[in-house]
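Structure, as structure tokens:
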There are 2 protein chains.
Amino acid sequence: MNEIPLILFGLGGVGRSFVRQILDLRDYHADKYDLHLRFLAFCDSRGAVLEPTEGFSDQQVHELLQLKEQGGSLSQHLLGGIQDDLAAIVDIAGQPGTIVVDCTATEATVPALFLALDRNYQVVLANKKPLTMQQEVYDRLTRAGTTAGDPITLSQSRWETTVGAGLPVIATLNRLVASGDEIVRIAGAFSGTLGYVMTGLQEGRAFSEIVQDAYRQGYTEPDPRDDLGGVDVARKALILARGMGWRLDLSDVSVQSLYPEALAERTVD
Amino acid sequence: MNEIPLILFGLGGVGRSFVRQILDLRDYHADKYDLHLRFLAFCDSRGAVLEPTEGFSDQQVHELLQLKEQGGSLSQHLLGGIQDDLAAIVDIAGQPGTIVVDCTATEATVPALFLALDRNYQVVLANKKPLTMQQEVYDRLTRAGTTAGDPITLSQSRWETTVGAGLPVIATLNRLVASGDEIVRIAGAFSGTLGYVMTGLQEGRAFSEIVQDAYRQGYTEPDPRDDLGGVDVARKALILARGMGWRLDLSDVSVQSLYPEALAERTVD
């Protein structure tokens, strides 16, 4: 059996879905790929649980998912504790062949991701933030292990779901770039929330009503201005631009907010 | 410089575009990937030219393209000769690390592709025919080098352009299958020619006129019935189905021809 150890940052909606998919596919992975994905550590913003030797049993993982679903923190778990240093978690829990998966939405994971790459672990990001910091952070995250001499080597990192959710956007872009194809234009619906709002407007509904509706249904970020302000879309555009080899920063992406300046200082309530 | 030796079967429209793209991207490949793709042999249906040691100079490759464009055969070339055994070409011209690229539209390349895989060369197909023969041929072509124990190893073969031209259809399908995602439906415009015909019909033009028009513009196969009969689309469907793990043969794909039975026996003229 191919045992692949995983360390997961983030057990919010995305992280839990990821874990649940792995649990659900145990038989499939074993049958088709002789593969067992083994969780060595889980971290959330406050806590962490580690099982660096054997990895967690599926029963334990189910319990952790349940704890998080009920609004708890990993720091409260029997096996858990406070964490204020993700790099230390990687240091303690990591072993050869580990994949570190970042399902958070914070820049705070970067030092831990760098350590993982230094250790020759692989890194997978659903998290856009590290890829939209300074250019040198992007370079180090996406081109680790490659030199001018061998950039066709598979790099140590993947970040497919940062743009276009499950659509093969990044892989396709990388392939086009590697083929020397000229990219003339990238067009798309870059935000589910904005798509929902625009559809509502087309149907003639009031902006305020649509946004409240989207908020109630859980489509928006906790503060809907994060979606409506366009920063999330700007991050996606930056990741695509950098994927094309453009050397830009987030401040180079011009966005127009869907809410008036005057609302920027108000509270969400 | 990473030197990658290539052997190319087929110098028709597709093969020539492929070669021209490589020549055009010499600087890009060198600059970005420290890569030089070196042609060791070209084969067409009748002839072959070999330069198994150094590979052809770009000047020589340009001359070969020109010869083919003017309707000549490689067998007429100064460096060329008759070939009636592609496997022998692979045997003579191949060297470690070779990629054999099949841009023909014939099943006749299969023994040579098998030999290439046996030698641990890589195989790239733009040719649908080998992948739509018996299931065991498909298995051997697409899963060479993999065993039950390590099927996540990159296989030795690629066949992206057999379905959906340049769209990342096969890679996406492979990824969905590997993730254990359930594939509910595959929908698409599977034939440029049929799309052209259908658009013309929607515009109210006569079927006969559209087909003649498509034929004159070079959109159809030399015999337009190859497109209109649906076999080409059936091959694509079979490749997708096999990619999903279905074990089917071409005879299991039901197609409905766009021309009446009575025309099947007529000549093209």
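The values are calculated or read from the model by the stated rules, or taken from the named source; none is laboratory data. Computed from a predicted model, the values in this text were never measured in an experiment. All Cβ positions, even for glycine, are placed from backbone atoms using ideal geometry, and neighbour counts span all protein chains on display.
Just the residues that are within 14 Å of another protein chain (Cβ to nearest Cβ) and within 24 Å of A:LEU78 (Cβ to Cβ), please, taken from segment A:1-16.
Narrowing segment A:1-16 to residues within 14 Å of another protein chain (Cβ to nearest Cβ): A:1-4.
Across segment A:1-16, there are no qualifying residues.
If I go through segment A:203-222 residue by residue, how many of them are among the aromatic types (Phe, Trp, Tyr) and either in contact with a Gly (Cβ under 9 Å, 6 or more places away or on another chain) or exposed (fewer than 10 other Cβ atoms within 10 Å of the Cβ) (or both)?
Looking only at that region, the number is 2.
Could you go through segment B:185-201 and let me know if any residue there is aliphatic (A, V, I, L, M) and within 20 Å of B:ALA105 (Cα to Cα).
Taking segment B:185-201 first, the residues aliphatic (A, V, I, L, M) are B:186-187, B:189, B:194, B:197-198, B:201.
Next cut, within 20 Å of B:ALA105 (Cα to Cα) only: B:194.
Scanning segment B:185-201, I find at least one residue that is aliphatic (A, V, I, L, M) and within 20 Å of B:ALA105 (Cα to Cα), so the answer is yes.
Would you mind finding the one in B:GLY192, B:GLY200, B:GLY218 that is in contact (Cβ under 8 Å) with a residue 24 or more places away in the chain and away from chain A (no Cβ under 14 Å)? Please lay out each step first, then the result.
Details: B:GLY200 fails: in contact (Cβ under 8 Å) with a residue 24 or more places away in the chain; B:GLY218 fails: in contact (Cβ under 8 Å) with a residue 24 or more places away in the chain.
Result: B:GLY192 is the single residue among B:GLY192, B:GLY200, B:GLY218 that is in contact (Cβ under 8 Å) with a residue 24 or more places away in the chain and away from chain A (no Cβ under 14 Å).
When you look at A:ALA112, is it exposed (fewer than 15 other Cβ atoms within 10 Å of the Cβ) and either assigned to a helix (DSSP H, G or I) or outside the structural domain of A:SER155 (by TED's automatic domain parsing) (or both), yes or no? Write out each step before concluding.
Working: exposed (fewer than 15 other Cβ atoms within 10 Å of the Cβ): no; either assigned to a helix (DSSP H, G or I) or outside the structural domain of A:SER155 (by TED's automatic domain parsing) (or both): yes.
No: the conditions fail for A:ALA112.
Out of curiosity, is A:LEU86 within 14 Å of chain B (Cβ to nearest Cβ) and closer than 28 Å to A:SER155 by Cβ? Full working, then the answer.
Numbers: within 14 Å of chain B (Cβ to nearest Cβ): no; closer than 28 Å to A:SER155 by Cβ: yes.
Against the criterion (within 14 Å of chain B (Cβ to nearest Cβ) and closer than 28 Å to A:SER155 by Cβ), A:LEU86 does not qualify.
Is it fair to say B:LEU79 is within 16 Å of B:PHE42 (Cα to Cα), surrounded by fewer than 21 Cβ atoms within 10 Å (Cβ to Cβ) and more than 17 Å from the chain's Cα centre (by Cα)? Working first, answer last.
On the way: within 16 Å of B:PHE42 (Cα to Cα): yes; surrounded by fewer than 21 Cβ atoms within 10 Å (Cβ to Cβ): yes; more than 17 Å from the chain's Cα centre (by Cα): yes.
When the stated conditions are applied, B:LEU79 passes them.
Go through segment A:4-16 and give me each residue that's at negative phi and modelled with pLDDT of 95 or more.
Of everything in segment A:4-16, those that are at negative phi and modelled with pLDDT of 95 or more turn out to be A:ILE4, A:PRO5, A:LEU6, A:ILE7, A:LEU8, A:PHE9, A:LEU11, A:GLY15, A:ARG16.
Within segment A:176-202, track down each residue that is surrounded by 14 or more Cβ atoms within 10 Å (Cβ to Cβ), closer than 30 Å to B:THR161 by Cβ and aliphatic (A, V, I, L, M).
Across segment A:176-202, the qualifying residues are A:LEU176, A:VAL177, A:ALA178, A:ILE186.
Go through (1) under 30 Å from B:GLN21 (Cα atoms); (2) aromatic (Phe, Trp, Tyr); (3) not in a loop (DSSP other than H, G, I, E, B) and name the single condition A:TYR215 misses.
Going through the list (1) under 30 Å from B:GLN21 (Cα atoms); (2) aromatic (Phe, Trp, Tyr); (3) not in a loop (DSSP other than H, G, I, E, B), A:TYR215 breaks only (1).
I want to confirm something. Restricting to segment A:221-233 and keeping residues that are in contact with a Phe, Trp or Tyr (Cβ under 9 Å, 6 or more places away or on another chain) and in a helix (DSSP H, G or I), which single residue is farthest from A:THR172 (Cα to Cα)?
The extreme case among them is A:ARG225.
Can you name every residue in segment A:166-175 that is in a loop (DSSP other than H, G, I, E, B) and either surrounded by 16 or more Cβ atoms within 10 Å (Cβ to Cβ) or of a type in the set (A, V, I, L, M) (or both)? Before the answer, list the steps.
From segment A:166-175, those in a loop (DSSP other than H, G, I, E, B) are A:166-168; that's our starting set.
A:LEU167, A:PRO168 - these are the residues of segment A:166-175 that are in a loop (DSSP other than H, G, I, E, B) and either surrounded by 16 or more Cβ atoms within 10 Å (Cβ to Cβ) or of a type in the set (A, V, I, L, M) (or both).
For segment A:174-186, which positions are facing chain B (nearest Cβ under 10 Å) and either touching a Ser or Thr at 6+ places or on another chain (Cβ under 6 Å) or of a type in the set (A, V, I, L, M, F, W, C) (or both)?
Those that are facing chain B (nearest Cβ under 10 Å) and either touching a Ser or Thr at 6+ places or on another chain (Cβ under 6 Å) or of a type in the set (A, V, I, L, M, F, W, C) (or both): A:LEU176, A:VAL177, A:ALA178.
Consider A:LEU125 against the criteria (1) in contact with an Asp or Glu (Cβ under 6 Å, 6 or more places away or on another chain); (2) touching a residue at least 40 places away in the same chain (Cβ under 8 Å): it satisfies all of them except one. Which criterion is unmet?
The number of the failed condition is (2).
Quick one: which of A:LEU23, A:LEU35 is surrounded by fewer than 18 Cβ atoms within 10 Å (Cβ to Cβ), touching a residue at least 12 places away in the same chain (Cβ under 8 Å) and within 14 Å of another protein chain (Cβ to nearest Cβ)?
Only one candidate qualifies: A:LEU23.
Would you check if there is a residue in segment B:115-122 being touching a helix residue (DSSP H, G or I) at 6+ places or on another chain (Cβ under 9 Å) and part of a strand (DSSP E or B)? Reasoning before the result, please.
Pass one, segment B:115-122, residues touching a helix residue (DSSP H, G or I) at 6+ places or on another chain (Cβ under 9 Å): B:115-117, B:119, B:121-122.
Within this subset, residues satisfying the condition of being part of a strand (DSSP E or B) are B:122.
Yes, segment B:115-122 has at least one match.
Within segment B:181-211, can you find the residues that are modelled with pLDDT under 90 and either part of a loop (DSSP other than H, G, I, E, B) or over 25 Å from the mean Cα position of the chain (by Cα) (or both)?
Scanning segment B:181-211 gives B:ASP181, B:GLU182, B:GLY188, B:ALA189, B:PHE190, B:SER191.
Surrounded by 15 or more Cβ atoms within 10 Å (Cβ to Cβ), at pLDDT 90 or above, under 27 Å from A:LEU35 (Cβ atoms) and at the interface with chain A (Cβ under 10 Å from one of its Cβ atoms), is that true of B:VAL163?
Working: surrounded by 15 or more Cβ atoms within 10 Å (Cβ to Cβ): yes; at pLDDT 90 or above: yes; under 27 Å from A:LEU35 (Cβ atoms): yes; at the interface with chain A (Cβ under 10 Å from one of its Cβ atoms): no.
When the stated conditions are applied, B:VAL163 does not pass them.
Here are the criteria: (1) within 14 Å of chain B (Cβ to nearest Cβ); (2) surrounded by 20 or more Cβ atoms within 10 Å (Cβ to Cβ). Tell me which single one A:ASP44 does not satisfy.
Exception for A:ASP44: condition (1).
Among the residues of segment A:198-217, is any outside the structural domain of A:VAL137 (by TED's automatic domain parsing) and closer than 21 Å to A:LYS128 by Cα? Before the answer, list the steps.
So the first thing to find is which residues in segment A:198-217 are outside the structural domain of A:VAL137 (by TED's automatic domain parsing), and the list is A:198-217.
Now narrow it down to the ones that are closer than 21 Å to A:LYS128 by Cα: none.
No: zero hits.
Go through (1) loosely packed, with under 15 Cβ neighbours inside 10 Å; (2) more than 21 Å from the chain's Cα centre (by Cα) and name the single condition B:TYR259 misses.
Every listed condition holds for B:TYR259 apart from (1).
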